[in-house]
């Protein structure tokens, strides 16, 4: 069973990551799907999407111990749990799926580290942020920036943020893993957050840390 990682980040906040290696039948068995879930899956024509959907349900059960919790989506596409105070965020990339569950609003992003991130850097990085990119691990650091910004975008949960203008990450020295700080500033809303980033197996993970904002 390819549960890559499961860890408690802090009291009331946990993260789990799954590498999908099963076929669809095996993943469905592990997900212990109800009839309504199977009916919903039949509507998803894209096979990787079905696998991701099932993996996220397995991760939710792994973190909460509950098979009763149901994931729904608000008008902006942000996932939430019906009849639960827990907040969640889900991410997937190239067969890797992650889910974070917290008592506070949170955000998670997973990305495969690829060279093409360098070609699109101007689309999501401010001029000040670009000056902080080192030459030794530019692709990894750029991906860490992207994941951090995407995590904050997911936390905010409304589709009105521009990565270059509204989500800004403070300078940090890339070390493969660590803590960084960033802020969301849009239309009178401004808040700072602490995030964790980590490179693992060719992927980059980033998530918003719970607790007081900076």
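Look at the alpha carbon pairs under 8 Å that are at least 6 residues apart: their mean separation over the length of region 70-214 gives a relative contact order of 22 percent.
Of the peptides 51-63, 83-95, the ranking by mean beta-carbon count within 10 Å, highest at the top, reads 51-63, 83-95. Ordering 113, 97, 208, 186 from the fewest to the most neighbouring beta carbons within 10 Å gives 186, 113, 97, 208.
Extension gain for the segment residue 138 to residue 70, taken as residue separation times 0.36 nm less the Cα-Cα distance, is 20.5 nm to one decimal.
The distance separating the Cα centre of region 130-187 from that of region 44-74 comes to 27 Å.
The largest-to-smallest principal axis extents of the Cα set in region 109-208 are 37, 23, 21 Å.
Scoring 194-206, 17-29 by mean Cβ neighbours within 10 Å over their residues and listing the highest first yields 194-206, 17-29. The stretch between residue 25 and residue 159, if pulled fully straight at 0.36 nm per residue, gains 44.7 nm over its current Cα-Cα span. If you wrap region 3-103 in the convex hull of its Cα atoms and look at it from every side, the mean projected area works out to 6.5 nm². Here the relative contact order of region 3-103, from alpha carbon pairs under 8 Å that lie six or more residues apart, stands at 33 percent. Kirkwood radius and radius of gyration were both taken over the C-alpha atoms of the chain, and their ratio Rg/Rh is 0.97.
Each value in this text was obtained by applying a stated rule to the coordinates, not by laboratory testing. All values reported here derive from a predicted model rather than from experimental measurement. Here Cβ is always computed from backbone atoms with ideal geometry, including for glycine, and neighbour counts include all displayed protein chains.
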